[in-house]
Structure formats: structure tokens, C-alpha cells
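This report refers to the structure that appears directly beneath it.
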Amino acid sequence: GGTIASKVDYRTGAVTPILTAEELNSSVPELSKMANIDTEVLFSEYSENIMPDHWLQIANKLVEFSKSNYSGIIIAHGTDTMHYTSSFLSFALAGFPIPIVLVGSQRSSDRASSDAALNLIGATRFLVEGKSNGVYVVMHHDESDETISCHLGTRVRKNHTSKRSAFETIGGSPAFVITGDKIQKNVESNYFKESEFTPKVNLDTKVALVKYYPGYSAEVLEKIIDMGYRAIIFEGTGLGHIGKVLYESVKKAHEKGVFLGMTSQCIDGRVGMTVYESGRDLLDLGIVPLENMIPEVALVKAMWVLGNSNDKEEIKNLMLENIASEIS
């Protein structure tokens, strides 16, 4: 779904998803020269409509291919929430024996400036020649039509609304960079060995992502706690701070057994809650610093962890364990 499977409706001027998987494949003739590609449609949705139930549907379908002879899997996905989906698949399918690539485009395929074809070509070349398992997001590296970035699914974020090179690896370089027929490997992915693959396709959506700002009301946080949320991921300021106005509510949540994790609004850099007195106070209240995990990735990881465990200590340990390179 998404822009990569869309065309402009010149009657309305709006971009509309109308391409099937087979039409998308056949629209790029270079693909048939690189690989034998089978296509299948699970659903067609704008990515803002993709829900956690869709993640489960995708993951369960991919499990069916875990013992197949395919060299890899391409998922055509809208860009707006692609890194949420790539994060869930990274956790649920850690150690998957063949690479999984999510690919999208910022411009529809019928536009002269479309990035759809090059992104698909880059994704296919990576699957055929890259030989590296894991979950990746493949998009334009820059505004040229020459280079593709292959980002780890848990370290990537859409950082621009419309540029073709909107996706960036946070805190480092893309795992691979593809230029023409050359693939440059930049980092080692931290996935389980192939023999250890055990799908864990479960989740619990009772997780809140709370972005703190001056004026954030304790009443809002109290409401989240009273609604029975099992985990709260804070997107704090700087090194991982929230105002004293929330301290009593945080204490209440901790006493109720809610997992409390801290990430930073700065996106890049590590949470450091021992630097200032306020950070140390939050540690004493039970908040767990989540290193340099991207806030949205921490949200998805918490959903996945809660879907697989009810034990408080195990939940904390899993959130701190580097399962799919989410901590770098």
C-alpha cells in the first residue's frame, strides 16, 4: 500500500492507491531480469491506517515463508508509519532466516520524479546479492537517482515530510548503501542466529507514548494510568527529564506495576538520567532509561514485550536487552 502502489487521480488531483502487487512488479521491467518474483496482496491501505493487528497479519504471513526457498521478501508499504511496522517485524521475527525489506516511495509511480522504481530495484538487488538476514527499510539515500540506503528496521525514522531521502538511520550510518550494482556494508546487524529463529508474534496495545512538554497535565497521565495501561514510554526532554508536576503520578504508576521507560525528544543521543538531580529522582521513582532507543521503536517494543510476558522483572529485562539492534 501507500504511495508506492498509488497513482495521481487527475480528476481530483489526489494520490490514490490503485496498483496491485503484480502491477507494481511489472511496472519496473528491470526486476524480472534480476529475480523471479512471486506477488501476493495481504491488504491495501494508506500507512496511517495500519494498526497493530495489521502487523500481526504481516508477521504471521511471513512465518509461512521461514522455511521456503525464497532469497528474501519485499513488503511495499506506505512511508508514514513504515518504521513502526519494521520495528515490530524486527522483534517478532528476530533471527528470520532470510532478509525482509520494507520499501516505499515519496512520489507516486506515474510522476517523473518518482522514487518507486529505484527503491524497488535497490531492494531487489539487496535481497539477491546482500545475503544478510534481518528487517530493513530501503529508500533513497539522497536526492539523486543513483544511491539507495538500506536501514536497520529498528534504527530508522522518517525525518522529512516529502524529500525522497526522507528516511535516516538515527545515530549512525545505514547498514548498507547500494550504488548501481555495488553494495557497501557499513554495520553488523545484531540478530539471532538462523538456527535460533522462533517467531514470537504477539503484542499488547496497552502502551502509551507520552511526549512531555511545559504544561503537560498530571490529570492526563492519571487518566492513562486509570485506563489500565501496562506500560508508559516517556519522550522526555534532553537527557530524559519530565517536570515535577508528574512525579506523584509516576510514583502511582510504578506502584501499580506499570512499566515506565524513558526516551529522549532529541531523537539522537543517549538518555542519561544520572547527570542531573531531576533525572536521579525519576530513577528513584521507577523510570527505566532506554539508552538511545528511538521513542516510536520503544513504543512498539513495549507492545511486543507485553504481548510475550506478564512478569515485571522479565518485562524490564527484555526492554533493556538489545534484541534487534534497537540499541546502538
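General remarks:
- Some residue of segment 168-184 being outside the structural domain of Thr263 (by TED's automatic domain parsing) and under 18 Å from Ser47 (Cα atoms): no
- Any hit, segment 63-79, residues being touching a helix residue (DSSP H, G or I) at 6+ places or on another chain (Cβ under 9 Å), surrounded by fewer than 18 Cβ atoms within 10 Å (Cβ to Cβ), of a type outside the set (A, V, I, L, M) and not in a helix (DSSP H, G or I): yes
- Residues of segment 274-328 satisfying the condition of being among the polar types (S, T, N, Q) and within 18 Å of Asp204 (Cα to Cα): Asn308, Ser309, Asn310, Asn317
- Condition check for Lys256 on (1) charged (D, E, K, R); (2) more than 23 Å from Thr205 (Cβ to Cβ); (3) in contact with a helix residue (DSSP H, G or I) (Cβ under 8 Å, 6 or more places away or on another chain): one failure, at (2).
- Within segment 274-297, the residues that satisfy the criterion of being in contact (Cβ under 8 Å) with a residue 40 or more places away in the chain and under 21 Å from Ser249 (Cα atoms) are Gly279, Leu282, Ile287, Pro289, Leu290, Pro295.
- Scanning segment 149-168 for residues that are buried (at least 18 other Cβ atoms within 10 Å of the Cβ) and at pLDDT 90 or above yields Ser149, Cys150, His151, Leu152, Gly153, Thr154, Arg155, Val156, Arg157, Lys158, Phe167, Glu168.
- Filter pass, Arg125 being out of contact with any Pro (no Cβ under 7 Å at 6 or more places or on another chain) and farther than 19 Å from Gly72 by Cβ: no
- Test for Ile224: is it modelled with pLDDT under 95 and hydrophobic (A, V, I, L, M, F, W, C): no
The values are calculated or read from the model by the stated rules, or taken from the named source; none is laboratory data. Here the structure is a predicted model, which is why all the values come from computation and not from measurement. Glycine gets a Cβ as well: all are built from the backbone with ideal geometry, and neighbour counts include every protein chain shown.
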